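Below is one structure, written out as structure tokens; comments come after it.
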């Protein structure tokens, strides 16, 4: 029973970061219809940016994370402006292939820049786990959870309460009307993509210290992000938030009770299962087709 | 009866696109389905041809229930439809488009394609002759080798018709075949529909152009807000007060 | 291409082992051939039905492991192994196609990635079956053993070169036969307008499954060839770089054409070798990524169609000059 609680707790803590990853992608995939296979690379960028800030510039740990977010958002904005805007109107497959190209290029740039050796990120937290009754938890993971939760809340508020958020929602519901009402469609697209990239970078900066940094870490992150998006339904913010937790818990239970080697298979299996059984996602409402 | 629809109801979330629609289509006739925009005409087409599952109700083709069958199976029974938005195979030539439409007239599968080249050659020759016949029937002979995406709007619609005809329909469902056409093009389409009927093909069409509809139809069905409000010969329907109300009331005006 | 050009080309290809002195260059050509088989297989899905499989390395890998396991652990004949390398991935392709049903576009891609990911994890973790990361060494070479004649082992590069040439020609002909038939038209209809295709009786799922099976079987064939050439199979066959390389070969070469993937395969096997002296494979992969984007921006149809389109224009300029 204690083991179960431990797994559930671990899953919850990890899942919050998956939610962060997934929310970024669901906005881009669901709202912009861009199949962003490079999403994991913004995650990696965030992780390495935080690492660079910490080790090269001796920036304080708590500052490294916002820096990483900014780096990710900036990269996302550039990507949207240079690559996606000219392609607007092209088939979704062309855009998908372009993002695959970005994926390959970014990952190998990381490889060239940082080398293939895994790096560990120094953190100011004690390694001694906190013991709360039957479960124990590393302080770092609590921090990661709290920050993830905060960012998710912040994202929600931005989308639901601010003018920018309204402009974003309007654009993706009805572009023409939004444009007539004075919304700059171009800017909304750039900001949305940057937003998604920034959230991915945040996830990377947060999870980097928990695991290790290596250039291909983004591959699994991408898959897990897609897994979360599919679970929660395209464009569904709350669905992605919930989906991340589900994935985190499922992974921990799978690793604990089945085998740790197949841990990452959980994400794949979720994708396959949901796509086959309920393609619109577990939390989506029944929708008109065609 | 060629086609029999009974109690068709289609609901999306809270919206009812069709409610309790029942009608029949007699063989060898031209039946038209009219109604203001959003009345549910294309939804009815979608249900009949398998592109939409009805929430309730049945569709029978020559006595056989086909409700919920997948579109390609329904097409194999001879029910072929065109689409409201021009639908062709854009990257292919006119000839290739029609050859694709002739799919059901061919037999070659994976095994034959790889191992029985003689049979493939013979089939290709047979299909090409048939394709040319259909292309000439709709009057696109001069554009045989042109890419579909490069055709004019009117020619694309004619190509659409050719592709549908290639599938050897017994019942042809045309979704707004004359939309966006000039007056003379509409006359051509009307004549074409007449010739199609002469071939023994039953025609069921959705149209907005009243003159066209009243000119060629044996029977007219009127939908409004998903319900069937009139069903009879053109003259009677035109005089029906509820039909007049539906058109004037919704703000849509009949294209005369 | 004119008859003379074609004849010369065939002569060059047929006699390569005679005048390619450096065995490493011959190795490059053999790899180009194996990749041509892979590119042709991916093209069937991507170029003709329009669906992208990003897990194609999985079919390649399953083929390699199928023949590797049968010939190393059960000591069966390599030809049976090669047959298994075709059939087993073909069956996997059938499963994917059936599972995919109505999934198209990005969802289909995700399904293929997930499948590939699972297969890759199994190959690494199921030690009893696959030896895990250590791999299967000692895969026997192909051998021609006709009764009455001494066995001819196809283990030299020259011998295997001819095996590969025949394999590429075979696969090319299979693709050609499919495309130039009603089956090929149905596949293309899926890409061009699946809804319209359904309205004239084309069963989208059936043809997608068909394409997936043939495509997977062909990729598996490439994997089998690879296993009997390198004589070693490890989880490295599932590396994403293989899939990426296949995609770039097809997209840059010209998807939807038959020459495109072959040209792409040769180009993107020979080019990296030429660059290898100067740069590392990381730069190469980086370049691939940039190149993929560049091709999609500037030559979206691919090299072969672009050359074909430019052909008449060039000819006109020559005759005018």
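Could you tell me which of the residues C:52, C:26 is assigned to a helix (DSSP H, G or I) and touching a helix residue (DSSP H, G or I) at 6+ places or on another chain (Cβ under 7 Å)? Break it down stepwise before answering.
Values: C:52 fails: assigned to a helix (DSSP H, G or I).
Sole residue among the options that is assigned to a helix (DSSP H, G or I) and touching a helix residue (DSSP H, G or I) at 6+ places or on another chain (Cβ under 7 Å): C:26.
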Quiz item: Just a yes or no: is a residue in the stretch C:240-258 surrounded by fewer than 23 Cβ atoms within 10 Å (Cβ to Cβ), under 13 Å from the mean Cα position of the chain (by Cα) and either within 14 Å of chain B (Cβ to nearest Cβ) or outside any helix (DSSP H, G or I) (or both)?
Solution: yes
Exercise. Check residue B:135 against each of (1) within 9 Å of another protein chain (Cβ to nearest Cβ); (2) touching a helix residue (DSSP H, G or I) at 6+ places or on another chain (Cβ under 7 Å); (3) in a helix (DSSP H, G or I) and name the one condition it does not meet.
Key: (1)
Quiz prompt | Residue that is farthest from the other protein chains (Cβ to nearest Cβ) [pool: residues in the stretch C:107-142 that are outside any loop (DSSP other than H, G, I, E, B) and in contact with a strand residue (DSSP E or B) (Cβ under 6 Å, 6 or more places away or on another chain)] | solution = C:137
Self-check item: Residue within the stretch B:75-87 that is assigned to a helix (DSSP H, G or I), closer than 30 Å to residue B:25 by Cα and out of contact with any strand residue (DSSP E or B) (no Cβ under 6 Å at 6 or more places or on another chain) present
Solution: yes
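Can you confirm whether the stretch C:156-175 contains a residue that is within 14 Å of chain A (Cβ to nearest Cβ), part of a helix (DSSP H, G or I) and touching a helix residue (DSSP H, G or I) at 6+ places or on another chain (Cβ under 6 Å)? Walk me through how you get there before you give the answer.
Pass one, the stretch C:156-175, residues within 14 Å of chain A (Cβ to nearest Cβ): none.
No.
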Practice problem: Within the stretch B:94-113, track down each residue that is surrounded by fewer than 17 Cβ atoms within 10 Å (Cβ to Cβ) and in contact with a helix residue (DSSP H, G or I) (Cβ under 7 Å, 6 or more places away or on another chain). | Solution: B:107, B:109, B:110
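Name the residue that is modelled with the highest pLDDT, counting only residues in the stretch B:192-219 that are farther than 17 Å from residue B:232 by Cβ and part of a loop (DSSP other than H, G, I, E, B). Before you say what the answer is, go through the steps one by one.
The first filter runs over the stretch B:192-219 and keeps only residues farther than 17 Å from residue B:232 by Cβ, leaving B:192-203, B:206, B:208-209, B:211-212.
Those still in the list that are part of a loop (DSSP other than H, G, I, E, B) too: B:199-201, B:208.
Details: B:199: 90, B:200: 90, B:201: 93, B:208: 83.
Looking at residues that are farther than 17 Å from residue B:232 by Cβ and part of a loop (DSSP other than H, G, I, E, B), I get B:201.
Please state which one of C:103, C:83, C:69, C:146 is more than 14 Å from chain A (Cβ to nearest Cβ) and not in a helix (DSSP H, G or I). If you could, list the steps in order and put the result at the bottom.
Values: C:103 fails: more than 14 Å from chain A (Cβ to nearest Cβ); C:83 fails: not in a helix (DSSP H, G or I); C:69 fails: not in a helix (DSSP H, G or I).
The match here is C:146.
State yes or no: is residue C:193 over 25 Å from residue C:59 (Cα atoms) and out of contact with any helix residue (DSSP H, G or I) (no Cβ under 6 Å at 6 or more places or on another chain)?
Criteria met by residue C:193.
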Quiz item: Pairs, please: C-beta under 7 Å, at least 6 apart or cross-chain, first residue more than 9 Å from chain C (Cβ to nearest Cβ) and in the stretch A:107-118, second modelled with pLDDT of 85 or more and assigned to a helix (DSSP H, G or I)?
Solution: A:110/A:44; A:110/A:48; A:114/A:48
Quiz item: Within the stretch B:49-99, can you find the residues that are within 12 Å of chain C (Cβ to nearest Cβ) and over 18 Å from the mean Cα position of the chain (by Cα)?
Solution: B:90, B:91, B:92, B:93, B:95, B:96, B:99
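Results for (1) free of Cβ contacts under 8 Å to residues at least 60 places away in the same chain; (2) out of contact with any strand residue (DSSP E or B) (no Cβ under 8 Å at 6 or more places or on another chain); (3) assigned to a strand (DSSP E or B); (4) more than 20 Å from residue A:235 (Cβ to Cβ), shown as yes or no for each residue.
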residue: A:131; (1), (2), (3), (4): yes, yes, yes, yes
residue: A:136; (1), (2), (3), (4): no, no, yes, yes
residue: A:140; (1), (2), (3), (4): no, yes, no, yes
residue: A:154; (1), (2), (3), (4): yes, yes, no, no
residue: A:157; (1), (2), (3), (4): yes, yes, no, no
residue: A:169; (1), (2), (3), (4): yes, yes, no, no
Quiz item: Only one of C:306, C:313, C:219, C:294 is assigned to a helix (DSSP H, G or I), closer than 30 Å to residue C:22 by Cα and either modelled with pLDDT of 85 or more or more than 13 Å from every other protein chain (Cβ to nearest Cβ) (or both); which?
Solution: C:219
Self-check item: Answer from A:38, A:47 - the residue that is under 27 Å from residue C:242 (Cα atoms), more than 14 Å from chain C (Cβ to nearest Cβ) and crowded, with 23+ Cβ neighbours inside 10 Å
Solution: A:47
Quiz item: Out of B:45, B:51, B:23, which single residue is surrounded by 16 or more Cβ atoms within 10 Å (Cβ to Cβ) and either assigned to a loop (DSSP other than H, G, I, E, B) or free of Cβ contacts under 8 Å to residues at least 60 places away in the same chain (or both)?
Solution: B:51
Exercise. Name the one entry in C:199, C:181 that is buried (at least 20 other Cβ atoms within 10 Å of the Cβ), free of Cβ contacts under 8 Å to residues at least 12 places away in the same chain and touching a strand residue (DSSP E or B) at 6+ places or on another chain (Cβ under 7 Å).
Key: C:199
Quiz item: Which residues, taken from the stretch B:118-142, are within 23 Å of residue C:44 (Cβ to Cβ) and surrounded by 14 or more Cβ atoms within 10 Å (Cβ to Cβ)?
Solution: B:119, B:120, B:123, B:124, B:127
Exercise. Working only within the stretch A:259-268, note down all residues that are more than 7 Å from chain C (Cβ to nearest Cβ) and outside any loop (DSSP other than H, G, I, E, B).
Key: A:266, A:267
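Does at least one position in the stretch A:63-77 carry a residue that is more than 18 Å from the chain's Cα centre (by Cα) and away from chain C (no Cβ under 14 Å)?
Of all residues in the stretch A:63-77, those more than 18 Å from the chain's Cα centre (by Cα) come to A:63.
The next check asks that each one be away from chain C (no Cβ under 14 Å); those that pass are A:63.
Within the stretch A:63-77 (the criterion being more than 18 Å from the chain's Cα centre (by Cα) and away from chain C (no Cβ under 14 Å)), the answer is yes, since at least one residue qualifies.
If the requirement is being surrounded by fewer than 20 Cβ atoms within 10 Å (Cβ to Cβ) and in contact with a helix residue (DSSP H, G or I) (Cβ under 6 Å, 6 or more places away or on another chain), which of these qualifies: A:231, A:253, A:269? Break it down into steps so the answer makes sense when it comes.
Values: A:231 fails: surrounded by fewer than 20 Cβ atoms within 10 Å (Cβ to Cβ); A:269 fails: in contact with a helix residue (DSSP H, G or I) (Cβ under 6 Å, 6 or more places away or on another chain).
Only one candidate qualifies: A:253.
Check C:7, C:33 and return the single one that is farther than 18 Å from residue C:256 by Cβ and in contact (Cβ under 8 Å) with a residue 40 or more places away in the chain. Let's see the steps before the verdict.
On the way: C:7 fails: in contact (Cβ under 8 Å) with a residue 40 or more places away in the chain.
Matching residue, one of C:7, C:33: C:33.
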Quiz item: Considering A:153, A:140, A:83, which residue is away from chain C (no Cβ under 14 Å) and either surrounded by fewer than 17 Cβ atoms within 10 Å (Cβ to Cβ) or modelled with pLDDT of 90 or more (or both)?
Solution: A:153
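Residue by residue through the stretch B:167-191, note down the ones that are assigned to a helix (DSSP H, G or I), touching a helix residue (DSSP H, G or I) at 6+ places or on another chain (Cβ under 7 Å) and closer than 22 Å to residue B:42 by Cα. Don't jump to the end; show me each part of the working.
Filtering the stretch B:167-191 for residues assigned to a helix (DSSP H, G or I) gives B:183-191.
The next check asks that each one be touching a helix residue (DSSP H, G or I) at 6+ places or on another chain (Cβ under 7 Å); those that pass are B:185-186, B:190.
Correct list: B:186, B:190.
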Practice problem: Output yes when any residue across the stretch A:210-217 is surrounded by 19 or more Cβ atoms within 10 Å (Cβ to Cβ) and part of a helix (DSSP H, G or I), and no when none is. | Solution: yes
Practice problem: Inspect all residues belonging to the stretch B:165-178 and state whether any of them is out of contact with any strand residue (DSSP E or B) (no Cβ under 8 Å at 6 or more places or on another chain) and at the interface with chain C (Cβ under 8 Å from one of its Cβ atoms). | Solution: yes
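Output the residues belonging to the stretch B:100-120 that are part of a loop (DSSP other than H, G, I, E, B) and within 7 Å of chain C (Cβ to nearest Cβ). Talk me through it step by step, then tell me what you get.
Start the filter on the stretch B:100-120 by keeping residues that are part of a loop (DSSP other than H, G, I, E, B), which leaves B:106-109, B:116.
Passing the criteria: B:106, B:108, B:109.
The values are calculated or read from the model by the stated rules, or taken from the named source; none is laboratory data. Values in this document were obtained by computation on a predicted structure and should not be read as measured data. When we count neighbours, we look across all protein chains shown, and the Cβ atoms used for this are built from the backbone with ideal geometry, even at glycine.
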